[in-house]
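Undergrad: Take a look at the following structure, please.
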Amino acid sequence: MYFHGSSLLVVEFNMDTKKPITFLTRFLVSLCILSSLTRFRVGSTPAAATTQQLLRGFAATPNPSISTFQSLLVDSTGNYSLGFLRVNKVQLALAVIHVPSSEPLWDANPTSSARWSDKTRVFFHGSLVLSDPQAGVFWSTGTEGDRVSLSNTSNLVISLDWSNSILWQSFDFPSDTLMENQNFTSTMSLVSSNGLYSMRLGSDFMALYARFNRSSDPDQIYWKHRALQAKAEVIEGGGPVYLVLSSDGYLGMYQNSSVPVDVQSFNSFQQRGSGIRRVRIEPDGNLKGYYWTGSKWVLDYQAISDPCELPSACGSYGLCQPGKGCSCLDNRTSYNSGGCVSAEINSGDFCGDGNNNYWVLRRQGVELPYKELMGYEKMESLAQCESACEENCTCWGAVYSNSSGLCYMLDYPVQTLLEVSDVTKVGYFKVREGAGKRGGMEVGIGLLCVGVVLVFGGVVGFRLYRVRSRKRGVAGYVEEDGGVGVGPYKDLGAASFRSIELCER
């Protein structure tokens, strides 16, 4: 007997031991029926989540069997959905996604993630709330609404029944993405998914900022676009400017009129047939625009076209050479995709208690990728520039130009520098003790360990081989001649020796 929804399935077994085959057949058929019903029951769960509105009293918890996204609410077109997005396997975000591409467009609380657990709940009692009994409320709209809906532009809305007025909308609280025809005002910011980069508006410009040191304020600006004011002027005292991503393929800046004070056209500017559009600040700090073809997102715009102009293209203490790629400021260190210095201890400053010991790295022929947006001081010499940084415990490094006498000081952990042919541009950098030479000592130790393991394995293998050979006699040696040889043992010895040599350098 088996219950499925409101139906009842009765399965009878005739325990006639004299007919074992008949009994076994009936049992297997019944088992298949039960299995099919179970699959139907589990598979039908997402179908119940195709509702287009959430009313007071709604509540949901994450389904442990879902590995990616659990839908709770959809728009009228089926292109967008609100639900639980699994993050790093064990966490979740309350997010709006583009269903055809599974691309996240909005995150309720991008600064922290809840647990993917049946204890975590999202509920609506006038306010949409994401909570956990242990951590409390992760996020809330703080409203007294009647229903939650999702527009066909991906805007999540809380409204009242009697007036249909909007109390709250996700378009007022963007995370890392700006959607087509969504207003972006001076009170908002786009923040990259890793929390390092942001886009904000000024009085007559838009800019990108980096937070390389979370304890420092303000953030470092690394890209700025001022309104060209070709068709309309920004009136001082006339109110803040705002951005709109136009369906015609441009990012328009406006003040009070319908005429833009600035237009940044995309590759598909005024081209018909382009699908929905979005702009996102990426984890590498670039601002990129895309449009949907119906099957994929196509790159249509990027604020920074040269990878070396990105704020940290090669990571901490990296060196970017245009057209050639990444290396390290310390040429004794090998570059890898994570940078040249461990990021875990590459933070804070050199003031107060803690690990404030450092060694100095100097490099000629370097400059900052966004020096035009940085503050500087005029100094008489490189020694004076270095001394100013050395005596300042918040200074991580300085770049000095012998030709201009300009000294640029870094109040954040050293990121990527540009390699230039002018050797009169010199960098002075503090490297915290323990940051390590990732490609030198660590690789040497790694190779040494690998060498030891291989030599040990070779010795054990050789002994086993000798034992087997003695048992097999002369015929055994003839059979495997060339299959073992002395070559591999020579290679193992050389590898072990090189590992030790690297370690000693």
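Undergrad: Leaving out ligands, DNA and RNA, and with a 1.4 Å probe, what % of the accessible surface on region 174-305 is carbon or sulfur?
TA: Carbon and sulfur atoms account for 45 percent of the accessible area of region 174-305.
Undergrad: Let me ask something else. Quick one: if you take sqrt(5λ) for each eigenvalue of the C-alpha gyration tensor of region 309-432, what semi-axes come out, biggest first, whole angstrom?
TA: Semi-axes (√(5λ), whole Å): 20, 20, 12.
Undergrad: Enumerate the whole-percent occupancy of each 10 Å bin, from 0 to the last occupied one, for all C-alpha pair distances of region 174-305.
TA: Using 10 Å bins, I get a P(r) of 13, 43, 34, 10, 1 for region 174-305.
Undergrad: Now for a different question. Give the ranking of 276, 281 by solvent-accessible surface, highest area first, calculated with a 1.4 Å probe.
TA: 276, 281
Undergrad: Quote to one decimal, in nm, the extra length available between residue 140 and residue 118 on full extension: 0.36 nm per residue of separation minus the C-alpha distance between them.
TA: In short, 6.0 nm is gained.
Undergrad: Apply the Karplus parameterisation 6.51 cos²θ - 1.76 cosθ + 1.60, with θ equal to phi minus 60°, to every residue of region 190-199 and state each ³J(HN,Hα) to the nearest whole Hz, in sequence, with x for glycine and proline.
TA: Computed from phi, the couplings for region 190-199 are 9, 10, 4, 4, 8, x, 8, 10, 8, 10 Hz.
Undergrad: Taking all protein chains in place and a 1.4 Å probe, what share, in percent, of the accessible surface of region 309-432 do carbon and sulfur account for?
TA: The nonpolar share, carbon plus sulfur, comes to 45 percent.
Undergrad: Using a 7 Å offset from the Cα along the Cα-to-Cβ direction at both residue 132 and residue 194, what is the distance between the two label points in nm, to one decimal?
TA: My value for the distance between the label points is 2.3 nm.
Undergrad: Continuing with the same structure: Would you give the gap between the C-alpha center of region 242-285 and the C-alpha center of region 383-425, rounded to a whole Å?
TA: Cα centroid to Cα centroid, the span is 37 Å.
Undergrad: What residues have an amide H closer than 5 Å to that of residue 126, excluding those fewer than 5 places away on the same chain, when H is modeled at 1.01 Å from N in the peptide plane?
TA: 57, 145
Undergrad: Would you pull out the residues with amide H under 5 Å of residue 105's amide H, same chain only if 5 or more places away, H placed 1.01 Å from N?
TA: Sorted by chain and number, the residues that satisfy this are 96, 97, 98.
Undergrad: Next question. Could you tell me what percent of the accessible area of region 48-173 is made up of carbon and sulfur, with a 1.4 Å probe and every protein chain present?
TA: Details: 3030 of 5890 Å².
Reported share for carbon and sulfur atoms: 51 percent.
Undergrad: Can I ask one more? Given C-alpha coordinates of region 111-151, what is the ratio Rg to Rh with the Kirkwood estimate of Rh?
TA: Radius of gyration relative to Kirkwood radius: 1.00.
Undergrad: Separation between the residue 267 and residue 332 pseudo-spin-labels, each 7 Å from Cα along Cα→Cβ, expressed in nm?
TA: It works out to 4.4 nm between the two label points.
Undergrad: For labels at residue 183 and residue 160 in the simple 7 Å Cα→Cβ model, what's the distance in nm?
TA: 2.0 nm
Undergrad: Suppose we take every Cα in region 48-173 and form the convex hull; what volume per residue is that in Å³?
TA: Spread over its residues, the Cα hull of region 48-173 gives 105 Å³ apiece.
Undergrad: Tell me, what is the FRET efficiency for residue 360 and residue 88 to the nearest 0.05, using R0 = 51 angstrom and their Cβ-Cβ distance as r?
TA: In this case the efficiency is close to 0.85.
Undergrad: Under a 1.4 Å probe, what is the accessible area of region 48-173 per residue, stated in Å²?
TA: 47 Å²
Undergrad: Okay, next question. For 203, 112, write out the residues from largest to smallest accessible area, computed with a 1.4 angstrom probe and no ligands counted. Show your work: numbers first, answer last.
TA: Details: 203 85, 112 50 Å².
The residues order as 203, 112, largest area first.
The values are calculated or read from the model by the stated rules, or taken from the named source; none is laboratory data. Small disclaimer: the values here were computed from a predicted structure and weren't measured. Cβ atoms come from the backbone with ideal geometry, glycine included; neighbour counts cover every protein chain shown. The area values use the complete protein model at the heavy-atom level, side chains included, leaving out ligands, DNA and RNA. Shrake-Rupley method; radii C 1.70, N 1.55, O 1.52, S 1.80 Å.
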